[in-house]
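Everything below concerns the one structure shown next.
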Amino acid sequence: YFSGWTRDVWYTKSLGRGELADSLLLSRKLKNIVSRVRRVNKCAFNEAYNFKGILAGGFLHSMSEVLPRGGLLTPLKTTVNLRAARGEGESTLLVLTSAGEALKDLSVTITADTPDAPVATLERLECINLLESPILQLPLAPEGNTNYFDVCLPLANGEKFDIAKQSNQPILVSLQSRNDTPAGVYNYTISVKLGSKNVMQMPLSLKVEKF
């Protein structure tokens, strides 16, 4: 968000502090190291679902940071058990990772395995590009000219999308219970297709509490 000279002034002579700049820079360097190491070791393909070494899939916490390219910063899970009160919603991230080739005509479908289950929706995260700006802003984000996942686009069951090579595609999976949803555990199955071929099936559950 800062252009060069305004960033320097903020951290050295204005309201900012040099320690803050150093800590943010160290954090970004460590994040890049972790991302590179996990990408080189193909951690996503070893931790969760792996289709022939070309597509990996698994779950992350809904607030996890996902880089468009590079290794995931935290391990993937093969299943998620969510909890919510009546009238509340919960969500998780389904992350699909490609290897050395671009993948076309991918689709995701979520189906409820339990009667009267809370409504499930899918949203595909899309990137925005943060550009350098001469306008003075708080240094709460990395410098510009970088892509970050920020926009959620509705994704219908079975809707096709593509993934570039060596890229991550997060999909927000949300479950919304009603005020009169009976308490209990509701099970779902998430299916991932490549073209017409079903390549992954992942279990997901939501426990609705009595309150």
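The values are calculated or read from the model by the stated rules, or taken from the named source; none is laboratory data. No experiment lies behind these values; they were computed from the predicted model shown. Quick reminder, even Gly has a Cβ in these numbers, built from the backbone with ideal geometry, and neighbours come from all protein chains shown. The protein model used for the area step is the full one, side chains on, heavy atoms only, and it has no ligands, DNA or RNA in it. Shrake-Rupley method; radii C 1.70, N 1.55, O 1.52, S 1.80 Å.
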When restricted to 67, 106, the only residue of a type outside the set (D, E, K, R), over 20 Å from residue 209 (Cβ atoms) and at pLDDT 95 or above is 106
Being among the polar types (S, T, N, Q), open to solvent by 80 Å² or more (accessible area, probe 1.4 Å), without any contact (Cβ under 8 Å) to a residue 60 or more places away in the chain and over 18 Å from residue 148 (Cβ atoms) narrows it down to one residue among 41, 81; which is it? 41
Determine whether residue 28 is in a helix (DSSP H, G or I), in contact (Cβ under 8 Å) with a residue 24 or more places away in the chain and among the basic types (Lys, Arg). yes
Which number in (1) buried (at least 17 other Cβ atoms within 10 Å of the Cβ); (2) in a strand (DSSP E or B) marks the one condition that residue 181 misses? (2)
Could you identify the single residue in 60, 93, 76, 55 that is within 21 Å of residue 201 (Cβ to Cβ) and in contact with an Asp or Glu (Cβ under 8 Å, 6 or more places away or on another chain)? 76
Note on the stretch 184-211: residues among the hydroxyl-bearing types (Ser, Thr, Tyr) and open to solvent by 70 Å² or more (accessible area, probe 1.4 Å) are 196
Kindly indicate which of 73, 82, 60 is out of contact with any strand residue (DSSP E or B) (no Cβ under 7 Å at 6 or more places or on another chain) and farther than 15 Å from residue 191 by Cα. 73
How many of the residues in the stretch 116-158 are modelled with pLDDT of 90 or more, open to solvent by 60 Å² or more (accessible area, probe 1.4 Å) and over 14 Å from the mean Cα position of the chain (by Cα)? 5
Restricting to the stretch 63-89, give me the number of residues that are in a loop (DSSP other than H, G, I, E, B), among the aliphatic types (A, V, I, L, M) and over 21 Å from residue 152 (Cα atoms). 1
